[in-house]
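Asker: Next up is a structure, given as structure tokens.
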Amino acid sequence: MRIVVILVFLGIIGSLASALLYLMKDKGGTSRTAYALTVRVGLSIALFLFVLFAHHMGWIESTGIVQHR
């Protein structure tokens, strides 16, 4: 589970870096920057949904602040 999250996170970082590279290289002449940013947003949403699904299935457990009543 941890490996999948790390790989997707690295993909997000790589897509963001490629968008920066395309922005500096193309100077807005092509749509490669927009495509790279679209991929980044898609990967981020997919990662978020995957974490929610994994929690629902019991593959991961939440640890956080315990609420006292």
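The values are calculated or read from the model by the stated rules, or taken from the named source; none is laboratory data. Bear in mind the structure is a predicted one, so any value in this text is a computation, not a measurement. Cβ placement follows ideal geometry from the backbone for every residue including glycine, while neighbour counts extend to all protein chains displayed.
Asker: When you go through I60, I13 one by one, which is the residue that is of a type outside the set (G, A, S) and either touching a Phe, Trp or Tyr at 6+ places or on another chain (Cβ under 7 Å) or exposed (fewer than 13 other Cβ atoms within 10 Å of the Cβ) (or both)? Give the steps one after another, and end with the answer.
Answerer: Details: I60 fails: either touching a Phe, Trp or Tyr at 6+ places or on another chain (Cβ under 7 Å) or exposed (fewer than 13 other Cβ atoms within 10 Å of the Cβ) (or both).
Sole residue among the options that is of a type outside the set (G, A, S) and either touching a Phe, Trp or Tyr at 6+ places or on another chain (Cβ under 7 Å) or exposed (fewer than 13 other Cβ atoms within 10 Å of the Cβ) (or both): I13.
Asker: Mind listing whichever residues of region 43-69 are at pLDDT 95 or above and out of contact with any helix residue (DSSP H, G or I) (no Cβ under 9 Å at 6 or more places or on another chain)?
Answerer: Of everything in region 43-69, those that are at pLDDT 95 or above and out of contact with any helix residue (DSSP H, G or I) (no Cβ under 9 Å at 6 or more places or on another chain) turn out to be I45, F48, L49.
Asker: Under 6 Å between Cβ atoms, which residue pairs at least 6 apart in sequence (or on different chains) link something in region 5-24 that is farther than 9 Å from A36 by Cα with a partner that is assigned to a helix (DSSP H, G or I) and among the polar types (S, T, N, Q)?
Answerer: I12/S44; L23/T33
Asker: Kindly provide the set of residues from region 25-47 that are surrounded by 11 or more Cβ atoms within 10 Å (Cβ to Cβ), without any contact (Cβ under 8 Å) to a residue 24 or more places away in the chain and in a helix (DSSP H, G or I), ordered by number.
Answerer: Quick first cut of region 25-47, residues surrounded by 11 or more Cβ atoms within 10 Å (Cβ to Cβ) only: 25-26, 30-44, 46-47.
Within this subset, residues satisfying the condition of being without any contact (Cβ under 8 Å) to a residue 24 or more places away in the chain are 25-26, 30-38, 41-42.
If the condition is that a residue be surrounded by 11 or more Cβ atoms within 10 Å (Cβ to Cβ), without any contact (Cβ under 8 Å) to a residue 24 or more places away in the chain and in a helix (DSSP H, G or I), then K25, D26, R32, T33, A34, Y35, A36, L37, T38, V41, G42 are the ones that fit.
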